[in-house]
Amino acid sequence: MFTLASQICNQIAAVFSNSTAPYPPPLDVMVNAISAAANQSGRVFLYGVGREGLMLKGLCMRLAHLGLSTHLVMDMTTPPIYSNDLLIASAGPGGFSTVDALCSLARSCGAQVVLLTAQPETGSCVKHASVVCYVPAQTMASDGEGKEKSRELLPMGSVYEGALFVLFEMVVYKLGEVLGQSPEAIRSRHTNLE
């Protein structure tokens with residue numbers, strides 16, 4: 001098990017050794033955008049499909065623990081988005097019709113839009129983004145490119161989704177410093193309805 005776990009972790013970690021030029025490093029993009037929204041008393045909205053969406057749900061939870069007003073798009077309690085707000089959306093393969101539509105709507109309301117993607121040059125969602133957060137990882141769009149049809153350790157979009165998890169943990173750690181949140185304050189915001 002240790003060997004397999006190490007191979008998986010190493011494959012995900014290798015994503016962060018890839019150059020993102022001409023785009024800024026994804027950690028900087030995320031920390032800057034979220035802290036800017038917080039400084040303007042803006043709220044953070046998050047959306048992604050499938051397993052990307054699950055990673056964003058985890059980030060939403062941690063942003064709430066940091067004391068931010070955060071909302072998952074499509075939840076029944078999600079309020080309207082306005083100009084001080086931030087939408088963080090993910091389209092690993094570059095485009096999904098729902099992500100295109102939500103990003104376009106958020107921009108028309110004056111909100112900032114950070115688009116997480118592994119396909120910044122070809123994706124349809126990029127045109128709706130205020131800022132592109134390039135995560136150079138394998139997705140469904142690049143799965144199996146130039147390879148024999150063999151069973152991969154992390155198939156389809158798993159590398160991208162794993163990289164999002166790791167990126168978001170780094171973002172939460174850095175935001176704790178930037179927002180001046182102590183571990184005790186963060187822990188105090190965890191739900192007690194369990």
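The values are calculated or read from the model by the stated rules, or taken from the named source; none is laboratory data. Just so it is clear, the structure is predicted and the values come from calculations on it, not from any experiment. Please note: Cβ atoms are built from the backbone with ideal geometry, for glycine as well, and neighbour counts cover all protein chains shown. Calculation scope for accessible area: heavy atoms of the full protein, side chains included, ligands and nucleic acids excluded. Shrake-Rupley method; radii C 1.70, N 1.55, O 1.52, S 1.80 Å.
Of the residues in the stretch 84-99, how many are open to solvent by 30 Å² or more (accessible area, probe 1.4 Å) and of a type outside the set (G, A, S)? Of the residues in that region, 4 qualify. Only one entry of G53, G58 meets the criterion of being over 25 Å from Q181 (Cα atoms) and within 12 Å of the chain's Cα centre (by Cα), and that entry is G53.
Taking the criterion of being more than 21 Å from P24 (Cα to Cα) and surrounded by 19 or more Cβ atoms within 10 Å (Cβ to Cβ), the residues of the stretch 101-130 that qualify are L102, A106. Applying the set (1) surrounded by 21 or more Cβ atoms within 10 Å (Cβ to Cβ); (2) closer than 27 Å to A21 by Cα to I81 leaves exactly one unmet item: (2). Within the stretch 17-39, being over 20 Å from H65 (Cβ atoms) and either outside any helix (DSSP H, G or I) or among the hydrophobic types (A, V, I, L, M, F, W, C) (or both) holds for S17, N18, S19, T20, A21, P22, Y23, P24, P25, V29. Of all residues in the stretch 32-54, those being open to solvent by 50 Å² or more (accessible area, probe 1.4 Å) and over 19 Å from M76 (Cα atoms) number 5.
Give the residues of the stretch 53-91 that are in a loop (DSSP other than H, G, I, E, B), free of Cβ contacts under 8 Å to residues at least 24 places away in the same chain and in contact with a His (Cβ under 8 Å, 6 or more places away or on another chain), sorted by residue number. The answer is T77, and nothing else. Could you run through the stretch 15-31 and say how many residues are among the hydrophobic types (A, V, I, L, M, F, W, C), out of contact with any Lys or Arg (no Cβ under 8 Å at 6 or more places or on another chain), within 20 Å of K174 (Cα to Cα) and open to solvent by 20 Å² or more (accessible area, probe 1.4 Å)? Number of matching residues: 1. Scanning the stretch 97-115 for residues that are in contact with a helix residue (DSSP H, G or I) (Cβ under 7 Å, 6 or more places away or on another chain) and either touching a residue at least 40 places away in the same chain (Cβ under 8 Å) or of a type in the set (K, R) (or both) turns up V99, R107, Q112, V114. Taken over the stretch 165-193, the residue count meeting the criterion of being aromatic (F, W, Y) and open to solvent by 70 Å² or more (accessible area, probe 1.4 Å) is 2.
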